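Here is the structure we will look at, set down as structure tokens.
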Amino acid sequence: MTFTEKLLTAPAPIEVGGRRIKRYHVTSDPAGIEPGVERAAYALLPELLPAPDGTPPASFVVLHRGGDTGAYLNVYSWAWDNALHFVGAAAGQPVLGCPDTDPTRFVRIGPGLIGCVWELAPLLHERDAWVRHLLAPDRPDLDGYLADSLAAGTTGDRA
């Protein structure tokens, strides 16, 4: 099996349950993630977001459409001012507890996995953006953070 980077895009942020959410999509399909998969994934978001704790209510998600029947939703939420809360969901991947191979039937997955090599691409950028816009300045800038996304391209080779 030959390794190939996938395509990464950053759709506009959304708001769910009072939390502002930056989005990343990962797929090998130049047409993007199928609308039905996207709708099903984001419908599960309210169940995957943590309760407010005084940290600016921001999260980022990585929605990944695998090359087979799988689809994956990684939800990273800022907590305790400087830490990431993680919850994952998957669809179409019975080995992860999904009921079938339907890529729109998302279920929460257990702890342990935080993302595959394609899904981890935004993590360093998001860490640096959080520091740049919320922790380092005298006045936190949540809007600046939300506007600061990893540029579209591939999931790797960003040196």
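The values are calculated or read from the model by the stated rules, or taken from the named source; none is laboratory data. These numbers come from a predicted model, not from an experiment. When we count neighbours, we look across all protein chains shown, and the Cβ atoms used for this are built from the backbone with ideal geometry, even at glycine. Ligands, DNA and RNA are stripped out before the accessible areas are found, and what is left, the full protein with its side chains, is counted by its heavy atoms. Shrake-Rupley method; radii C 1.70, N 1.55, O 1.52, S 1.80 Å.
Residue by residue, here is whether (1) open to solvent by 40 Å² or more (accessible area, probe 1.4 Å); (2) closer than 19 Å to ARG127 by Cα holds:
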| site | (1), (2) |
| --- | --- |
| TYR24 | no, yes |
| ALA31 | yes, no |
| ARG39 | yes, no |
| VAL61 | no, yes |
| SER77 | no, yes |
| TRP80 | yes, yes |
| LEU84 | yes, yes |
| THR101 | yes, no |
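Exactly one condition in (1) over 25 Å from ALA136 (Cβ atoms); (2) touching a residue at least 24 places away in the same chain (Cβ under 8 Å) is not met by GLY97; state its number.
(2)
Taking THR104 as the residue in question, decide whether it is of a type in the set (Ser, Thr, Tyr), at pLDDT 95 or above and within 18 Å of the chain's Cα centre (by Cα).
Numbers: of a type in the set (Ser, Thr, Tyr): yes; at pLDDT 95 or above: yes; within 18 Å of the chain's Cα centre (by Cα): yes.
Spelling it out, THR104 is indeed of a type in the set (Ser, Thr, Tyr), at pLDDT 95 or above and within 18 Å of the chain's Cα centre (by Cα).
Matching residues to (1) assigned to a helix (DSSP H, G or I); (2) among the aliphatic types (A, V, I, L, M); (3) in contact with an Asp or Glu (Cβ under 9 Å, 6 or more places away or on another chain):
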{"site": "THR55", "(1), (2), (3)": "no, no, yes"}
{"site": "PRO103", "(1), (2), (3)": "no, no, yes"}
{"site": "TRP118", "(1), (2), (3)": "no, no, yes"}
{"site": "ALA129", "(1), (2), (3)": "yes, yes, yes"}
{"site": "ARG139", "(1), (2), (3)": "no, no, no"}
{"site": "LEU146", "(1), (2), (3)": "yes, yes, no"}
{"site": "GLY156", "(1), (2), (3)": "no, no, yes"}
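Here is a check on your reading of the model: is GLU47 exposed (fewer than 15 other Cβ atoms within 10 Å of the Cβ) and in contact (Cβ under 8 Å) with a residue 40 or more places away in the chain? So that I can check it myself, show each step before the final result.
On the way: exposed (fewer than 15 other Cβ atoms within 10 Å of the Cβ): yes; in contact (Cβ under 8 Å) with a residue 40 or more places away in the chain: yes.
Yes: the conditions hold for GLU47.
Against the condition buried (at least 16 other Cβ atoms within 10 Å of the Cβ), over 12 Å from the mean Cα position of the chain (by Cα) and either in contact (Cβ under 8 Å) with a residue 40 or more places away in the chain or within 16 Å of PRO122 (Cβ to Cβ) (or both), how does THR55 come out, does it pass? Give the derivation first.
On the way: buried (at least 16 other Cβ atoms within 10 Å of the Cβ): yes; over 12 Å from the mean Cα position of the chain (by Cα): yes; either in contact (Cβ under 8 Å) with a residue 40 or more places away in the chain or within 16 Å of PRO122 (Cβ to Cβ) (or both): no.
When the stated conditions are applied, THR55 does not pass them.
Are any residues in the range 64-84 closer than 22 Å to LEU142 by Cβ and assigned to a strand (DSSP E or B), and if so, which ones?
Kept after step one, since they are closer than 22 Å to LEU142 by Cβ, are these residues of the range 64-84: 74-84.
Matches in the range 64-84: ASN74, VAL75, TYR76, SER77, TRP78, ALA79, ALA83, LEU84.
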